[in-house]
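Below is one structure, written out as structure tokens, with a few remarks after it.
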Amino acid sequence: MNELRKIVVASGNKNKIREISEIFNGVEIVSMQELGFDGDIPETGETFKDNAYIKAKFIAERFNVYALADDSGLCVTALGGAPGVYSARFSGGGDKANRDLLLIRLEGAADRSAYFESAVCLCRPDGTAVFGEGRTHGKILYEETGENGFGYDCLFYSDDLEKSFGTATAEEKNGVSHRFRALSDLRRKL
Ligand code: IMP
């Protein structure tokens, strides 16, 4: 995609924007806030891919730009893949309430395997899109371990790093993360 000079990211998250800049080096990365849009785009899809597309398409069409969006969450085998696309809204409370509920739901479960999944979408101004997907596998710990990261990180033992994401540095996590893998997958397809 030689015409790709600038990408607007459908997120205000600085960590995400930095990760995207590292993978798409040579491309100007701009946040949607820099275009003057700070609203919430409703995530009404049933899959990570649907939600990434909804967000990217909204920004691409509204501002006539190439837009990139991601959607991600935690999928737990013993819970049939839940909380999945509802990861942020699992308990109806915040991150801590989500983690507490996860531990309660897993009481007595023999299988604690889980993975984080990310879908990313690059949408062109005409609405056509390219997708990338990535996963990172691990297990749900019995108690919170470490204070790094966000969301479910301190409950997630990474098979790749052989430690909790809560005790991993940002560099360590970014090297194996679902989002990094999804962005690399997308980059390869362009
Ligand atoms: P979003 O795709 O950034 O909106 O993330 C959705 C939700 O999934 C977050 O609120 C977290 O609960 C969870 N999640 C996604 N990625 C991660 C991660 O790398 N670590 C911990 N939790 C995550």
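The values are calculated or read from the model by the stated rules, or taken from the named source; none is laboratory data. Only a predicted model underlies this, so the values are computations on that prediction, with no experimental measurement involved. Positions of Cβ are generated from backbone atoms using ideal geometry, with glycine treated the same way; all protein chains shown enter the neighbour counts.
Could you tell me whether Phe150 is surrounded by fewer than 18 Cβ atoms within 10 Å (Cβ to Cβ) and either farther than 21 Å from Thr77 by Cβ or at pLDDT 95 or above (or both)? Give the derivation first.
Numbers: surrounded by fewer than 18 Cβ atoms within 10 Å (Cβ to Cβ): yes; either farther than 21 Å from Thr77 by Cβ or at pLDDT 95 or above (or both): yes.
The answer is yes for Phe150.
When Glu133, Glu117 are checked against the criterion of being part of a strand (DSSP E or B), within 11 Å of the ligand (Cβ to nearest atom) and in contact (Cβ under 8 Å) with a residue 60 or more places away in the chain, Glu117 stands alone in meeting it. Given the criterion more than 10 Å from the ligand (Cβ to nearest atom), over 13 Å from the mean Cα position of the chain (by Cα), assigned to a helix (DSSP H, G or I) and in contact (Cβ under 8 Å) with a residue 12 or more places away in the chain, identify the matching residue among Asp160, Asp111, Asp185. Result of the check over Asp160, Asp111, Asp185: Asp185. Selection over the range 37-74 of residues that are touching a residue at least 24 places away in the same chain (Cβ under 8 Å), part of a loop (DSSP other than H, G, I, E, B) and either within 12 Å of the ligand (Cβ to nearest atom) or on the phi > 0 side of the Ramachandran plot (or both) gives a count of 4. Residues of the range 1-57 that are among the hydrophobic types (A, V, I, L, M, F, W, C), over 22 Å from Asp185 (Cβ atoms) and exposed (fewer than 15 other Cβ atoms within 10 Å of the Cβ): Leu35 alone.
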